[in-house]
Amino acid sequence: MAEPSAAVRSFDAEALPHLDALYRVALRLTADPTQAEDLVQDTMLKAYRSWRQYRPGTNAKGWLLTILRNTFINDYRRRKIEPIAMDLEAVEPHALFRAVEEVDPEGTFFSRIVDEKVLEAVDALPPEFREVLVLSDVEGMSYAEIAETLELPLGTVKSRLFRARRLLQARLYAYAVEMGYIKPRESRDG
Amino acid sequence: MGERIDCRQATEQLHDYLKREMTPELAEEIRAHLDRCKPCFNHARFEENYLRLLESCGRQRCPGTLRARIVALLQVEAERD
């Protein structure tokens, strides 16, 4: 076998370490393991072919995620079977904490919810809310990195995140009530 | 000097505070508010547990078969160059 060229070696060194993160984000965007694999593979091939456009030492993860996200929007979104989306109007405007502070002020019920259910709730978020939440709160990217990756203004990232977290909390709360992990709030008088 | 932010302002920015996504000056104001205000302190702890839940979930790794397929495809691409 031929020795790998310098270009391949630098791509391998800079891009391959991000495969786990790319795969996780692809899973959340597609909500389908087979499509997630295809999306990661397409992303890596596209990234390799445009590797000359990447400036060494900049944010390789963000650069790769931009390609992944654009590939998803252009080639996959149409194929995707969207999970039943949350009803945005049904979510109360205030934070969940107000509803549970008397029965579970520390939110211990969160730790009883299994990962699978959390991810199901994430997948049910509308796509534009889901992507910011996954990049921020699951993958730990900064708001600035997310703005750059998604090519959105910072203010948009922040407002979507704010909404996404509340939507997700409302969904997790509903699940916890359903499972009996937490008692529902007494309905108000009248 | 009186407190510069109220409970509503503090709680609306708790996630940004916990993710360290604000200026040091604002973070300091919120920290001072949380020190003084027990309900907001509790609220911060609640949101911290919520964020921790998300950080710890979904730590799936790229399947080995996919990784191997990608490495092989890249090799083919490289040979074509």
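Every number here is computed from the coordinates shown, using simple stated rules; none is lab data. These numbers come from a predicted model, not from an experiment. Here the Cβ is made from the backbone with ideal geometry for all residues, glycine too, and neighbour counts use every protein chain on show.
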*Most exposed first by the Cβ proxy, i.e. fewest other Cβ within 10 Å, how do A:10, A:50 rank?*
A:50, A:10
*Spherically averaged projected area in nm², based on the convex hull that wraps the Cα atoms of the protein assembly as shown*: 17.5 nm²
_trypsin sites (Lys or Arg not before Pro) within the stretch A:107-190, DSSP loop, no more than 14 other Cβ atoms inside 10 Å_ = A:185, A:188
*Among A:96, A:16, which comes first, second and so on when ranked by fewest other beta-carbon atoms within 10 Å?*
A:16, A:96
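Among A:51, A:63, which comes first, second and so on when ranked by fewest other beta-carbon atoms within 10 Å?
By the 10 Å Cβ count, ascending: A:51, A:63.
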*Where in chain B lies the longest segment free of trypsin sites (Lys or Arg not before Pro) that are both loop residues by DSSP (not H, G, I, E, B) and have at most 12 other Cβ atoms within 10 Å?*
B:21-58
*Please express the shape of the stretch B:7-80 as an equivalent ellipsoid: the semi-axes are the square roots of 5 times the eigenvalues of the C-alpha gyration tensor, given largest first in whole angstrom.*
45, 15, 7
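Please give the length that would be gained between residue A:115 and residue A:59 if that part of the chain were fully extended, namely 0.36 nm times their separation in residues minus their C-alpha to C-alpha distance (nm, one decimal).
So the extension gain works out to 17.3 nm.
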*asked:* Quick check: residue separation of residue A:159 and residue A:177 times 0.36 nm, minus the Cα distance between them. What number comes out in nm?
replied: 3.7 nm
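Taking a ≥ b ≥ c as the square roots of the Cα gyration tensor eigenvalues, with a/c under 1.5 meaning rounded and otherwise prolate when a/b beats b/c, else oblate, which class fits the stretch B:1-45?
Oblate.
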